[in-house]
Amino acid sequence: SDAQLAERAAYIKAELGTGITSCECESRFKRRCCANLLPVQAWALYEAATVGGLLGPIGVGHGKTLLDLLMPMVVPCRVAVLLLPSKLKKQLLESDWAFYGQHWKLPNLAGSRWQHPGRPILHVVAFEELSGAKSTDLLDKLQPDLLICDEAQFYTPEQVEQLARTVDEMSVDV
């Protein structure tokens, strides 16, 4: 029900929100403020936390990027890998991370100077990086215990095969 979704959203915001009320969402990023979860985001994060993962066919513009970033914070893990198209990786690292980080406690970004004790590490990997001889063992090296697959419908058969092997070998939640 709407009341349950509002209650879940409030709980998640209390746990993962930064509490910052003054932001640059509209002035700097020219986007609607992201301080509050959309109902579909509240539902998805609740479900993922409850069952340990999510297959979420969520529409364009309904907040999947924030879900990608908060998933490691609600599904217990040490190391998460977010797989997404290269153009989305660039946007996430150059803009989205700062945009969402104003209002939400995000996981530790792999390679970042700033690390928050107790938060999982998030590696952001373009799924194109999984193709090619040098990167065939990338997931084996990172040893994630959570995979977040954005835009999975565009993965090549080889990428799907590599993900399946990783899941089989490492008991990874997908």
- Item | Percentage relative contact order, the chain, counting C-alpha pairs under 8 Å, at least six apart | 24 percent
- With a probe of 1.4 Å, find how much accessible area the chain has per residue, and write the answer as a whole number in Å². 56 Å²
- Message: Between Gln4 and Glu129, what is the label-point separation in nm under the 7 Å Cα-to-beta-carbon projection?
- Response: 3.8 nm
- What nm distance separates the two modelled labels at Leu142 and Val60, each placed 7 Å from Cα along Cα→Cβ? 2.6 nm
- Item | Set of lysines near Lys13 by C-alpha distance (under 22 Å), chain-local residues within fewer than 8 positions excluded | Lys64, Lys105
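Does the range 43-174 come out rounded, prolate or oblate, given a ≥ b ≥ c as the square roots of the eigenvalues of its C-alpha gyration tensor, rounded meaning a/c under 1.5 and, failing that, prolate meaning a/b above b/c?
rounded
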- Task: At a 1.4 Å probe radius, which order do Leu38, Leu66 fall into by accessible area, largest first?
- Result: Leu38, Leu66
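By average Cβ neighbour count within 10 Å, what is the ranking of 156-162, 21-27, 141-147 from highest down?
141-147, 156-162, 21-27
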- Please give the FRET efficiency for Gln91 paired with Ala14, using the beta carbon to beta carbon distance and R0 = 35 Å, rounded to the nearest 0.05. 0.75
- Message: Cut-off under 14 Å on the C-alpha distance; same-chain residues fewer than 8 positions from Lys89 excluded. Which aspartates and glutamates are left, in chain and number order?
- Response: Asp68, Glu128, Glu129, Asp150, Glu151
- Inter-part distance where the range 1-29 and the range 32-56 are each reduced to a Cα centre, Å: 12 Å
- Note on the structure: Simple spin-label estimate for Cys25/Glu161, 7 Å along Cα→Cβ, in nm, reads 4.5 nm
- Query: Using θ = phi - 60° and the Karplus form 6.51 cos²θ - 1.76 cosθ + 1.60, what ³J(HN,Hα) does each residue of the range 76-92 get, whole Hz, x for Gly and Pro?
  - Reply: x, 7, 9, 10, 10, 10, 9, 9, 7, x, 4, 5, 6, 4, 4, 5, 4
- Quick calc, Val51 & Ala110: beta-carbon distance into FRET formula, R0 22 Å, rounding 0.05, result 0.25
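The values are calculated or read from the model by the stated rules, or taken from the named source; none is laboratory data. This one's a predicted model, so the numbers in the text were calculated from it and none came from an experiment. Please note: Cβ atoms are built from the backbone with ideal geometry, for glycine as well, and neighbour counts cover all protein chains shown. All accessible areas refer to the heavy atoms of the entire protein, side chains included, with ligands and DNA or RNA removed. Shrake-Rupley method; radii C 1.70, N 1.55, O 1.52, S 1.80 Å.
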